[in-house]
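Single-structure report; data block below.
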Amino acid sequence: MPSDHYFSSNPRSGRAPRTIRVQLAGREVELETAGGVFSPERIDAGTRVLLGNVTEPPKHGHLLDVGCGWGPIALTLALKAPEATVWAVDVNERALDLARRNARRLGLDNVNAVLPDDVPDGIRFATIWSNPPIRVGKAELHALLLRWLPRLDADAIAWLVVQRNLGSDSLQRWLDEALPAGFEVDRAELSKGYRVLTVNAPSDPAPGQGTNPDLTRG
């Protein structure tokens, strides 16, 4: 793994702050980005595919963005569901700072941009939207997904976008085998080389599912 990447805890590269204009939830907004985070110049293609293919998020409850970066997915969730609580999770401290700053820019007080260990264990999620960090490596990616996906609430759906040539189809097969009984994984969409996968939680998840503190940190 590179010593300094967007999934580094504290990037050593120059911050090089910048402001960009993007479309989120049908609004044109001006947001902050910086060097050392994922896709600082624009909303990346995979995230655009995800946001263009998800259904409307639940209006209440806890919503999760895994690997939030500077915040485009989490901010979209917060704009679409202002009465919900949005958790924006990343290991990159610079990315979390940007996500918080961007939430304040948009007047969103329902976004919690935090490290993975700062999400309370008992919380379950009404939906998960994620452009997961595929390049972190297979073992860490699998641990990350097994940490969060089992914490979906009953009948909730997670939406994941993965580039096809980076293993979206093999990831689907692995999820089918690795997730607890009752979870269903489907291919929702293929667009511009990206696959959108859905993970559907069962109606009655096993007691305590998804709260194992020994799982590898995302």
For the chain (alpha-carbon point model, no solvent) the Debye-based log₁₀ I(q)/I(0) at q = 0.08, 0.14, 0.16 Å⁻¹ works out to -0.25, -0.81, -1.09
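So if each residue of separation counts as 0.36 nm, and I subtract the Cα-Cα distance between ALA181 and ASP117, what length gain in nm does that give? Working shown, then result.
Values: separation 64, 0.36 × 64 = 23.04 nm, distance 2.56 nm.
Going from the current span to full extension adds 20.5 nm.
In percent, what relative contact order does the range 1-143 have, based on Cα pairs under 8 Å that are 6 or more apart in sequence?
Result for the range 1-143 is 24 percent.
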Of the accessible area of the chain, computed with a 1.4 Å probe and all protein chains kept, carbon and sulfur make up a percent value of 46
Note to self: C-alpha centroids of the range 157-193 and the range 42-117 sit apart, in Å, by 21
Between the modelled labels at ALA188 and ARG15 (7 Å from Cα along Cα→Cβ) the distance in nm is 3.5
Taking GluC sites (Glu not before Pro) as exposed when in a DSSP loop with at most 10 other Cβ atoms inside 10 Å, the chain has its longest clean stretch at 84-218
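Just to confirm, what accessible area per residue do you get for the chain at 1.4 Å probe, in whole Å²? Display every interim value, and only then the final one.
Details: 9850 Å² over 218 residues.
For the chain, the per-residue accessible area is 45 Å².
Show that you can apply the helix-only estimate: for the chain, add -39,500 (n - 2.57) for every DSSP H stretch of four or more residues, divide by all residues, and state [θ] at 222 nm to the nearest 500.
Numbers: 5 runs with 53 residues, N = 218.
Result for the chain, helices only: -7500 deg cm²/dmol.
The values are calculated or read from the model by the stated rules, or taken from the named source; none is laboratory data. The structure displayed is predicted, hence computed values, not measured ones. Here Cβ is always computed from backbone atoms with ideal geometry, including for glycine, and neighbour counts include all displayed protein chains. Areas reflect the complete protein model, heavy atoms only, side chains present, ligands, DNA and RNA absent. Shrake-Rupley method; radii C 1.70, N 1.55, O 1.52, S 1.80 Å.
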